[in-house]
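Working notes, structure below.
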Amino acid sequence: MTLNLDGYIRKVPNFPKKGILFYDITSILAAPRAFSYCIEAMVDIYGSREIDAVAAIEARGFVFAAPFAVRMGIPLLLIRKKGKLPGITLSKKYDLEYAQAEIEMHQEDLTPGKRVLLLDDLIATGGTLNAARGLLEAGGAVVPEIFGVVGLPFLKYEQALAPTPITTLIRYDSESVS
């Protein structure tokens with residue numbers, strides 16, 4: 001099945017601040033045909049690859065990763081904001097534009113040497129995904145690829161995430177704010 005995914009992505013000018021064009025994937029979730037298309041496309045891409053688990057970034061990444069993990073018969077590993085997980089966690093701090101953030105995951109979820117696909121809904125600058133990759137690797141996992149439903153390569157995520165290959169279902173190569 002082919003689908004014009006762009007037609008399902010709401011573009012919101014000047015959000016969250018003036019000059020930013022926000023690519024809202026919630027409109028994909030509100031359209032069962034588009035959401036199903038995304039999951040089927042992910043299964044088509046990764047169905048024959050050696051992937052032991054999928055790790056997803058809070059929170060929209062979870063929405064895409066959960067049905068994908070079920071379809072693939074692999075574990076779903078959750079990467080959350082600091083303080084959201086009980087028990088022993090691994091954590092990684094990273095820089096935002098004007099602040100610092102921290103993500104965590106359960107240490108017991110990682111098995112050294114396992115190949116973990118890293119997934120998020122939208123890849124912008126790559127900062128959070130780079131921190132997540134570092135977190136997974138610190139736990140002994142191998143991250144063979146990063147996946148995003150939407151990619152914004154004009155924000156230079158490819159440099160931030162090199163040398164890990166990146167796959168997206170749709171790319172926006174330039175930003176135009178209305």
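The values are calculated or read from the model by the stated rules, or taken from the named source; none is laboratory data. All of these numbers come straight from a predicted model, not from anything done at the bench. Note that we place each Cβ from the backbone using ideal geometry, even for glycine, and neighbour counts take in every protein chain shown.
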Note to self: Name the residue that is nearest to the chain's Cα centre (by Cα), counting only residues in region 17-56 that are under 21 Å from D173 (Cβ atoms) and assigned to a loop (DSSP other than H, G, I, E, B).
What the structure shows: I25
Notebook entry, point to check: Before we move on, is L118 in contact (Cβ under 8 Å) with a residue 12 or more places away in the chain and touching a Lys or Arg at 6+ places or on another chain (Cβ under 9 Å)?
Noted result: yes
Next item on the list: Only strands (runs of 3 or more DSSP E) wholly contained in region 57-140 count here; list those with 2 or more residues that are more than 26 Å from A41 (Cα to Cα).
Entry: 89-95, 100-106
Next item on the list: Give the residues of region 1-23 that are surrounded by 11 or more Cβ atoms within 10 Å (Cβ to Cβ), among the charged types (D, E, K, R) and farther than 23 Å from I45 by Cβ, sorted by residue number.
Entry: R10, K11
Check: (1) surrounded by 14 or more Cβ atoms within 10 Å (Cβ to Cβ); (2) aliphatic (A, V, I, L, M); (3) free of Cβ contacts under 8 Å to residues at least 40 places away in the same chain: which one isn't true of V63, the others all being true?
Finding: (3)
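A quick yes/no check of all residues on (1) closer than 16 Å to G151 by Cβ; (2) at pLDDT 95 or above; (3) small (G, A, S):
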| residue | (1), (2), (3) |
| --- | --- |
| L3 | no, no, no |
| P16 | no, no, no |
| G19 | no, no, yes |
| F22 | yes, no, no |
| S27 | no, yes, yes |
| R33 | no, yes, no |
| S36 | no, yes, yes |
| V43 | no, yes, no |
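This table checks each residue for (1) aliphatic (A, V, I, L, M); (2) at pLDDT 95 or above; (3) touching a His at 6+ places or on another chain (Cβ under 6 Å).
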{"residue": "A65", "(1), (2), (3)": "yes, yes, no"}
{"residue": "V70", "(1), (2), (3)": "yes, yes, no"}
{"residue": "G73", "(1), (2), (3)": "no, yes, no"}
{"residue": "I103", "(1), (2), (3)": "yes, yes, no"}
{"residue": "L110", "(1), (2), (3)": "yes, no, no"}
{"residue": "N130", "(1), (2), (3)": "no, yes, no"}
Check: Given the structure, is K84 of a type in the set (D, E, K, R) and over 18 Å from L119 (Cα atoms)?
Finding: yes
Next item on the list: Output the number of residues of region 141-162 satisfying the condition of being outside any strand (DSSP E or B) and under 22 Å from L110 (Cα atoms).
Entry: 5
Margin query: Taking the conditions exactly as written (in contact with a strand residue (DSSP E or B) (Cβ under 8 Å, 6 or more places away or on another chain), within 23 Å of I25 (Cβ to Cβ) and modelled with pLDDT under 95), does E175 satisfy them or not?
Written below: yes
